[in-house]
Structures are given as structure tokens and as C-alpha cells.
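The values are calculated or read from the model by the stated rules, or taken from the named source; none is laboratory data. Note that this is a predicted model, so its numbers are computed, not measured. Cβ coordinates were reconstructed from backbone atoms using ideal geometry, including for glycine residues, and neighbour counts include every protein chain displayed. Heads up: the accessible areas ignore ligands, DNA and RNA and are worked out on the full protein's heavy atoms, side chains in. Shrake-Rupley method; radii C 1.70, N 1.55, O 1.52, S 1.80 Å.
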Amino acid sequence: MNFLKSSVGRKVLMAITGQLMVLFVVVHLLGNSTIFIGLINSYAEHLHSLGPFVWVFRLALLAMVLTHAYYGIQVTLENRAATPQKYAVNRQLKVSLAGSSMIWTGLTLACFIIYHLCHFTARLTSDVAGFAGQVPGDVYRMLVTSFSHGLTVFVYVAAMAALCLHLFHGIQSFFQTMGWNSECSLPLFSKLGKAVAVIVLLGYGSIPVAILAGILS
Amino acid sequence: MSSHNEHKSMTLTLIVWRQKNATAQGKFDTYTAKGITEHHSFLEMLDVVNEDLIKGGKEPIMFDHDCREGICGMCSQVVNGVPHGGQERTTVCQLHMRKFKDGDTIYIEPWRARAFPIVRDLIVDRTALDTIIQAGGFTSCHTGGIPDGNAILISKPDADYAMDAAECIGCGACAAACPNSAAMLFTSAKVAQLAALPQGKPEASVRVKKMLDAHKECGFGNCSNHYECQAACPKGINVKFIAKLNREYLKAQFA
Ligand code: HEM
Ligand code: SF4
Ligand code: FES
């Protein structure tokens with residue numbers, strides 16, 4: 001059976017694409033955090049000065065998201081088909097909320113990614129219409145304008161909560177899928193993954209919340 | 001053994017899955033188990049209920065069992081939502097009624113997975129596990145003279161590792177517990193055991209691929225790394241063997 005049909009092969013693809021996206025998420029967070037030291041505009045300009053590389057990155061990320069989501073949905077459908085009848089009583093000893101909601105947090109992330117690109121990348125939504133066409137323009141002002149709306153802040157924080165849950169299970173899962181676990185490393189990777197997941201939530205969440213609270217204005 | 005326990009007898013309510021055959025519609029029936037002592041094993045408790053049923057001219061509750069000492073892997077019941085009942089490293093035949101209290105209600109269900117069709121009541125067909133082993137869970141060897149016991153040296157850590165994996169009794173509780181019905185713990189135990197030993201190494205890459213193919217073709221799901229299997233496994237097979245299987249599979253891509 002070919003790698004892309006096999007159970008482990010597809011999981012490895014998901015794990016690698018997922019983990020590369022985690023790397024991106026962490027780097028993106030570091031970049032965004034420059035807002036707290038007043039450097040986000042120059043950070044944005046630096047990024048855009050990379051010219052065609054920006055598009056190479058974007059296409060690579062797109063390929064990763066699509067591969068990951070495609071196999072995530074496929075594998076989940078197979079798993080459901082493998083369990084046609086549920087138990088009347090099902091006491092689970094180990095399965096976590098994060099683990100069993102991977103498909104739902106994943107699909108939430110897919111919706112968020114589309115919205116986020118329409119919002120701050122393409123600037124199609126009404127709150128940032130004034131910034132459309134500027135590349136990159138005054139990113140700081142754009143963020144402050146946008147996150148002065150409670151609903152927008154809520155959507156971003158909720159999406160980061162979904163990401164946090166996804167990574168709560170996902171990061172340790174990556175190490176196991178790649179076969180890098182031993183009896184003693186598994187609990188360590190599990191703690192590491194949960195820590196990264198919480199840092200991602202707090203880090204990303206702090207920006208819109210700080211703006212809404214008037215700490216950044 | 002304290003003397004007052006000897007007189008204690010429990011009455012329990014059992015809610016048991018009854019199903020005539022693979023295609024029939026199954027349903028839960030309720031039974032009362034009377035005169036159960038804390039020294040009865042779970043299966044002996046069912047024996048007591050079945051004797052009453054037979055005396056009353058009714059069909060006894062069918063369940064799989066053989067050794068009743070936790071080594072054959074035949075017993076297979078989901079007790080109150082956990083395969084083998086949830087006592088650590090214990091098969092359901094070794095689960096004792098002292099774990100229950102007078103008046104308890106106990107749900108008893110068969111393994112549920114597409115790959116394990118129900119034969120009758122609590123008995124499921126676990127041929128799929130044999131199919132996976134037949135696909136590669138062995139070492140090919142030529143017959144001949146008796147090999148010299150010391151001709152192939154195996155280090156103590158390797159031998160221990162292989163023995164830990166070899167503890168699997170093939171009961172299928174891992175797949176029954178898995179929310180995806182993946183029998184990955186079972187498959188990985190054999191892959192890891194043989195891959196750790198010099199006798200198993202030559203066929204390691206063919207073995208892991210063939211066993212994984214068979215696993216999928218039998219209708220088991222994919223592992224999502226929930227580790228529910230390890231918690232339910234009566235032999236405490238560790239999920240590090242699944243990591244080993246993944247490693248072996250990746251290595252096999254380059255072999
Ligand atoms: C775009 C929509 C997404 C969908 C539909 C999705 C879906 C899934 C699903 C269903 C799983 C579990 C698969 C299984 O084990 O059964 C999973 C695992 C994972 N996801 Fe996502 N996901 C998405 C986005 C993301 C993003 C943006 C990241 C990272 C920032 C990510 C990181 C991971 C990681 C690291 C894993 C664990 C990989 C493994 O199985 O070893 N996912 N995803
Ligand atoms: S790994 Fe454990 S639960 Fe699975 S078949 Fe072997 S003994 Fe049973
Ligand atoms: S009957 Fe043999 S292990 Fe339970």
C-alpha cells in the first residue's frame with residue numbers, strides 16, 4: 001500500500017505539516033509581539049521587503065494547510081466508519097477533550113484562517129477598508145482600529161482558544177507519530193506541547209485584549 | 001480474609017447486551033445476580049446468573065473465555081464502559097466481585113468495532129487480529145538442526161524490550177477501547193517485539209508494511225495518539241511500541 005494511503009503514512013504527513021505550521025505560528029507570534037515595543041510597522045515593512053519570498057512562504061503555507069486539512073478530514077471520516085456502534089456506557093480513561101475535538105478545532109481554524117486572510121491580509125472587511133491597497137501600510141493603526149470592536153476581539157480570542165486546544169493534543173501527537181517517543185519522553189513532550197499551546201493562546205490573545213483595554217492605542 | 005466478609009452476599013443488577021447472531025438486532029436485557037460473594041470472579045458471577053437462566057429454561061448469556069487466569073486473551077467484555085472493567089492490568093476473568101458493591105448496576109457490552117463483528121451476545125469474531133499476525137507477525141526460518149542456544153547473542157535490554165512487547169495476549173481490548181477502533185497497540189506490540197530481535201530484523205521492513213496494510217484492510221481505524229489503549233490493556237503494553245512501529249514504518253520507506 002502506498003505511503004499516502006497507509007494509516008501511518010498519512011499521519012506522518014499530517015504531523016509534519018502540522019508541526020511546520022506550529023513553527024510558523026510561533027515565529028508569527030514573535031513578530032506580532034513587536035507591537036508591544038512599538039516596532040510592528042517596521043517589522044511589517046521588513047517582511048514585505050522580502051519581495052517574491054513572501055509569496056513563496058504564502059504558497060508553502062497554503063500547501064501545508066490544505067494537505068493537513070485534507071488528510072485530517074479523510075482520517076477522521078475513516079475513524080468514524082471504523083466505529084459504527086457506540087457503547088451505551090463509555091468511560092474513557094485517557095481520551096481528552098482536546099484529543100477528541102481535533103476535527104472541530106481544526107475546522108474552526110480553517111474558518112478562522114480564511115477570515116483572518118480576508119481581514120488583515122486582503123483587508124476586505126469594512127473595519128479595515130481604509131487600509132486596503134496599502135502594502136503593508138500603517139499596520140499598527142489598522143490593528144488598533146480593528147480591535148477596538150469587542151466582537152472582533154472575541155472572534156480572535158476564540159480562534160486562539162481553538163488553536164490552543166488543537167495544539168494541546170497535537171504537539172505531543174507529533175512526537176509520537178514521528179516515532180520519537182520513548183516511555184520517559186512522552187510525558188515530557190506532552191508537557192512541552194501543553195506549555196506551547198498555552199503560550200500561543202496568551203501571546204496572541206494579549207494583543208487584541210490589550211488594544212480593547214486601551215493599553216495599546 | 002476477614003470472617004464477616006465470608007457471609008456477605010451481593011445482589012446486583014446486570015444490563016447485558018443480547019444479540020442472536022451477527023445480523024440480528026441486539027438489545028439490552030436486565031438481569032438480577034443474586035448470591036454473589038466478593039470471591040467470585042466476574043465470569044463466575046455470570047456463571048451463577050447463567051445457571052439460573054438455564055434452570056428457568058432461558059438462553060444463557062454467551063461470552064468468550066478459556067484460561068480464566070489472565071493469559072489466553074479470550075475473555076472480552078466491556079464492563080461499565082471500559083474493556084476488561086478498568087482495573088489496571090487485569091483481564092475481565094481476573095476481575096473480582098470485591099470491586100463491586102451490593103446493589104450496583106453493571107453494564108456489560110461486547111467489544112464494539114467494525115472489525116469485530118458480533119457472533120452472539122458478548123462474543124465477537126476476532127479473526128481480524130489473526131489476519132494481521134498472518135500478514136507478517138512471524139519470522140521465516142528454515143528447518144534443520146537444533147540451533148545452538150548461544151549462537152545469536154541478544155543483549156539483556158533488547159531481550160527485556162522484546163519480552164515486554166511479547167506480553168500481548170491478543171485480546172483486542174486496545175481496539176475496543178480506542179475511539180477510532182484502531183488495533184495499533186496490538187499491531188505495534190508484534191512489530192516491536194520482532195524488530196528488536198536479530199531473528200526478526202531481516203524481515204522488519206516487509207513486516208511492518210504488510211501488517212499495517214492488513215490492519216487497514218480489516219477495517220480498523222487510525223491511531224490518533226489518545227493512548228486509551230494502554231490504559232485499557234490488561235498487560236500494560238506501552239504506547240512506546242506504537243512510536244516504534246511508526247519509526248519502523250518510516251525506516252521501511254528507505255529499505
Ligand atoms: C486548517 C484546518 C485544520 C484541520 C481541519 C485540522 C485537523 C486536524 C485533525 C483532525 C487532527 C488529528 C488527526 C488524528 O490524529 O486523527 C490534527 C492534528 C494536528 N494538527 Fe491540525 N488541523 C487544522 C489546522 C492546524 C493548524 C493551523 C495547526 C498548527 C498551527 C495544526 C497542527 C496540528 C498538529 C501538530 C497535529 C498533530 C499531528 C499528528 O497527528 O501527529 N492543525 N489536525
Ligand atoms: S495490546 Fe493489550 S489490549 Fe491490545 S490485544 Fe494485546 S493485550 Fe490486548
Ligand atoms: S479467559 Fe483467558 S485471559 Fe481471561
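Numerical summary
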item	result
At least 40 Å² accessible surface lost relative to isolated chain, residues of segment B:207-229 (1.4 Å probe)	B:Asp213, B:Lys216, B:Asn222, B:Asn225, B:His226, B:Tyr227, B:Glu228
Extent along principal axes [Cα atoms of the protein assembly as shown; Å; largest to smallest]	85, 61, 46
A:Phe36-B:Thr23 FRET efficiency (beta carbon distance; Förster radius 60 Å; 0.05 resolution)	0.40
Residue-span extension gain [A:His48 to A:Leu192] - 0.36 nm each, minus C-alpha spacing	48.6 nm
Stokes-Einstein translational diffusion, segment B:9-135 - Kirkwood Rh over all Cα pairs, 0.890 mPa s, 25 °C, in µm²/s	163
Chain A: calculated mean residue ellipticity at 222 nm from DSSP helix runs of at least 4, using -39500 (n - 2.57)	-23000 deg cm²/dmol
Average accessible area per residue (Å²) across segment A:2-212 - probe 1.4 Å, nucleic acids and ligands excluded	52
Cβ-derived FRET efficiency at R0 30 Å, B:Asn150 paired with A:Leu93, nearest 0.05	0.10
Heavy-atom accessible surface of segment B:36-163: percent carbon and sulfur, 1.4 Å	52
Accessible area buried between chains B and A, both sides summed, probe 1.4 Å, in Å² to nearest 100	3700
Rounded accessible area per residue of segment B:127-253, 1.4 Å, Å²	41
Volume per residue that the Cα convex hull of segment A:93-151 spans, once the total is divided by residue count, Å³	108
Spatial separation of Cα centroids for segment A:65-92 and segment A:184-217, in angstrom	28
Per-selection metrics, chain B (Cα): Rg and Dmax in Å	20.7, 66
Histogram of C-alpha separations across segment A:1-91, 5 Å bin width, %	3, 11, 14, 16, 13, 11, 10, 8, 6, 4, 3, 1
Highest average packing first - B:9-21, B:65-77, Cβ atoms within 10 Å	B:65-77, B:9-21
Average beta carbon contacts from partner chains per residue of B:179-185, 10 Å cutoff	5
Estimated inter-spin distance, B:Glu88 and A:Phe154, nm [label 7 Å along Cα→Cβ]	4.5
For chain A, alpha-carbon Rg over 2.2 N^0.38 Å	1.13
